[in-house]
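Since every read-out is calculated from the coordinates, none of them should be taken as a lab result. This one's a predicted model, so the numbers in the text were calculated from it and none came from an experiment. Cβ: placed from backbone, ideal geometry, glycine included. Neighbour counts: every protein chain shown.
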Amino acid sequence: MIPAPLQEIVDDFGASPREMRLQMLLDYSRGLPELPERYRDRAGLEQVQECQTPFFLAVEIDDGQRVHLFFDAPPEAPTTRGYAGILAEGLEGATPTEILETPPDFYVTMGLAELISPLRLRGMGAILARIKRRVVELGGAG
Amino acid sequence: MPAERDPDPKLSEYSHPERLVTTAWLAEHLDDPGLVVAESDEDVLLYDTGHIPGAVKIDWHADLNDPVARDYVDPQAFADLMSAKGISRDTTIVFYGDNFNWWAAYALWVCSLFGHADVRLLDGGRQKWIEEGRPLTTEVPPRPRAQYPVVPRDDATIRAFKEDVLAHIGNGPLVDVRSPGEFNGELTHMPDYPQEGALRAGHVPTAANVPWRRAANEDGTFRSLAELQAIYRDEIGITDGDDIVTYCRIGERSSHTWFVLTHLLGLEKVRNYDGSWCEWGNAVRVPIERPGHPVRPA
């Protein structure tokens, strides 16, 4: 099941005309929150190798079992930044279980396939997969 | 009316210097009435974050490829695209883009399938323009619609299909421009890129491996004529009159090498196999060579 905030983003994209969708992705790219001070030098960030552009993420689970996500991608990789922006907004504060149950193909109804080549689009799934792995490693599954 | 030529001495060495412009020349010619600058990128959002003033965007995936079949747009769709971008049949198009001009070269090659006469690349592409501190804008230029004619696409002269490549084995140079790992069958995709769905790994028998990157300098510009000749003529033995086929994974990196062989070295019969490894590595019973194995099927 897709967490409600992420589902809302997916629905917004799906309901928008084709020309709007790239603009929306660009808005997410611009809106990607900056890294907090403790990650500024990228210490503690994990590089996602599946992305062809340098892309880093960190996952934290707080005492209340809520997941917090942190991303870093350069401005010259706006598509990757856009994916991160969507996941940052759509999954921030979710529980570990909600994240692990997010389907890997959650983005197929967003209507991005006609705008972005399959290769690039798969980057979104790669980032989600990496987030899930980190959640499991942090013991968030049990 | 086509724009004038960039007289830069480095470009003059090449066989077809009129196919390249320098960043300095372009900066002075952005307002030329017969010239349109077109950005084609790997990252399809990049244009929208800032582009060369006046440049239009041509999206390799959404604009140049057919939405259903794995093929390029048909003559009507191409004419519509060009008209919408304000490009006429006699317009000079200067392509540039990210990632060493891969997609710019690809877009240029597709325009060449339709016989657009004056197509050029910006030497060094987006990277060099930005590194030199030249201006970018997010403003999309209001270009008046043009009347581009519906012209046939010539799929024979500079494009090769799988059957052509099969017939080409043993009859002329094949240049595989992928990374050595892909060529040797250790990978079915580019290093650091996601797996792209080739079922078999290796290369087309008889192909020489010259990674596309060898034709480029660090700043994204093309290497000098002497350096290019050393690679393609001396090292792999290409000579004038050869019938040459280039390929990579989906035809974008090999467009870069196609440009080098055709326009910089002046070889007259070079075809780009756009099906490339994504087709060959999935096709049934085509011969594949991989180090340590005999060519199969024999």
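Data overview
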{"quantity": "Residue in segment B:199-212 that is part of a helix (DSSP H, G or I) and more than 14 Å from chain A (Cβ to nearest Cβ) present", "calculated": "yes"}
{"quantity": "Residues of segment A:52-81 classified as part of a loop (DSSP other than H, G, I, E, B) and within 14 Å of another protein chain (Cβ to nearest Cβ), total", "calculated": "9"}
{"quantity": "Flag if B:ASP66 is surrounded by 20 or more Cβ atoms within 10 Å (Cβ to Cβ) and either small (Gly, Ala, Ser) or within 14 Å of chain A (Cβ to nearest Cβ) (or both)", "calculated": "no"}
{"quantity": "Filter result for A:THR95 (more than 11 Å from chain B (Cβ to nearest Cβ), in contact (Cβ under 8 Å) with a residue 60 or more places away in the chain and either over 28 Å from B:GLY50 (Cα atoms) or not small (Gly, Ala, Ser) (or both))", "calculated": "no"}
{"quantity": "Number of positions in segment B:156-183 that are in contact with a helix residue (DSSP H, G or I) (Cβ under 7 Å, 6 or more places away or on another chain) and under 24 Å from B:ASP90 (Cβ atoms)", "calculated": "2"}
{"quantity": "Evaluation of B:ALA105 against (1) under 21 Å from B:HIS61 (Cα atoms); (2) of a type in the set (Gly, Ala, Ser); (3) more than 22 Å from the chain's Cα centre (by Cα) (one fails), failing number", "calculated": "(3)"}
{"quantity": "Subset of segment B:41-56 (residues that are touching a strand residue (DSSP E or B) at 6+ places or on another chain (Cβ under 9 Å) and either at the interface with another protein chain (Cβ under 8 Å from one of its Cβ atoms) or without any contact (Cβ under 8 Å) to a residue 24 or more places away in the chain (or both))", "calculated": "B:VAL44, B:LEU46, B:TYR47, B:ASP48"}
{"quantity": "Test result for B:LYS85, in contact (Cβ under 8 Å) with a residue 12 or more places away in the chain and surrounded by 16 or more Cβ atoms within 10 Å (Cβ to Cβ)", "calculated": "yes"}
{"quantity": "Which numbered condition B:LEU46 fails, given (1) over 17 Å from the mean Cα position of the chain (by Cα); (2) surrounded by fewer than 19 Cβ atoms within 10 Å (Cβ to Cβ); (3) of a type outside the set (Val, Ile, Thr)", "calculated": "(2)"}
